[in-house]
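The values are calculated or read from the model by the stated rules, or taken from the named source; none is laboratory data. Predicted model only: the values in this text are computed from it and were never measured. Note: ideal-geometry Cβ built from the backbone for every residue, glycine included; neighbour counts use all protein chains shown. Ligands, DNA and RNA are excluded from the accessible area calculation, which covers all protein heavy atoms including side chains. Shrake-Rupley method; radii C 1.70, N 1.55, O 1.52, S 1.80 Å.
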Amino acid sequence: AGGGDLSGASLSSVQFTGSFSLYQVHDWIRTCLPDVPQNPTSAVDSEDVEGEKVTRQLWFENVLTKSVLIVRYCAGLAVIESDSVSTIAIMREVVSAEANRRKVAINIKFSIDPKSTPRFLRKLDRRLHEHGALAKQVELV
């Protein structure tokens, strides 16, 4: 977890609201992201989101694609943002399944940036070309 330069990023998001505790939402997030610390107090405190005090923030960057994932959450609210729509869809599916399994009612709100998919695919194409060039250099050695 860290924090990088997101200038120019087209982030899509999914927001969960409901009567869930900080520990419940943290457990749901850990189901999606096994490297998340077991205790929510290990996550970083952050600023307000939509007028609510968000008490935890996690930030990830994919090594290959350079895709970002930002997870901010507190009791009753979780906001997940990424420049990868597929990451948003996976997180939505897992969190909603975990909430349903535990019989916790949640509201889900999507915000998909239409620019995110073309930008992500261009970024992925560049990264794949870079890795292909590197592989060719290794073959020559």
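Of everything in region 94-136, what is more than 16 Å from the chain's Cα centre (by Cα), of a type in the set (Gly, Ala, Ser) and not in a helix (DSSP H, G or I)? Give them in sequence order. Full working, then the answer.
Here is the first cut: in region 94-136, the residues more than 16 Å from the chain's Cα centre (by Cα) are 97-107, 114-115, 118-119, 121-136.
Remaining after also requiring of a type in the set (Gly, Ala, Ser): 97, 99, 105, 132-133, 135.
Correct list: ALA105 only.
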On the basis of being open to solvent by 40 Å² or more (accessible area, probe 1.4 Å), at pLDDT below 70 and in contact with a strand residue (DSSP E or B) (Cβ under 7 Å, 6 or more places away or on another chain), does VAL54 make the cut? no
Only unsatisfied item for ILE90, checking (1) within 10 Å of the chain's Cα centre (by Cα); (2) over 30 Å from LEU128 (Cβ atoms), is (2)
Note on VAL44: of the conditions (1) modelled with pLDDT under 75; (2) open to solvent by less than 70 Å² (accessible area, probe 1.4 Å), unmet is (2)
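Of everything in region 84-141 that's charged (D, E, K, R) and in contact (Cβ under 8 Å) with a residue 60 or more places away in the chain, which residue is surrounded by the most Cβ atoms within 10 Å (Cβ to Cβ)?
Of the residues in region 84-141, the ones charged (D, E, K, R) are 92-93, 98, 101-103, 109, 113, 115, 119, 122-123, 125-127, 130, 136, 139.
Within this subset, residues satisfying the condition of being in contact (Cβ under 8 Å) with a residue 60 or more places away in the chain are 92, 98, 102, 109, 113, 115, 119, 127.
On the way: ARG92: 18, GLU98: 20, ARG102: 11, LYS109: 10, ASP113: 16, LYS115: 14, ARG119: 14, ARG127: 16.
By that ranking, first place goes to GLU98.
Considering only residues that are of a type in the set (A, V, I, L, M, F, W, C), more than 13 Å from ARG102 (Cα to Cα) and either modelled with pLDDT of 75 or more or surrounded by fewer than 16 Cβ atoms within 10 Å (Cβ to Cβ) (or both), which ones fall in region 1-27?
Here is the first cut: in region 1-27, the ones of a type in the set (A, V, I, L, M, F, W, C) are 1, 6, 9, 11, 14, 16, 20, 22, 25.
Subset that is more than 13 Å from ARG102 (Cα to Cα): 1, 6, 9, 11, 14, 16, 22.
Correct list: LEU6, LEU11, VAL14, PHE16, LEU22.
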Q: Determine whether GLY76 is on the phi > 0 side of the Ramachandran plot and at pLDDT below 95.
A: yes
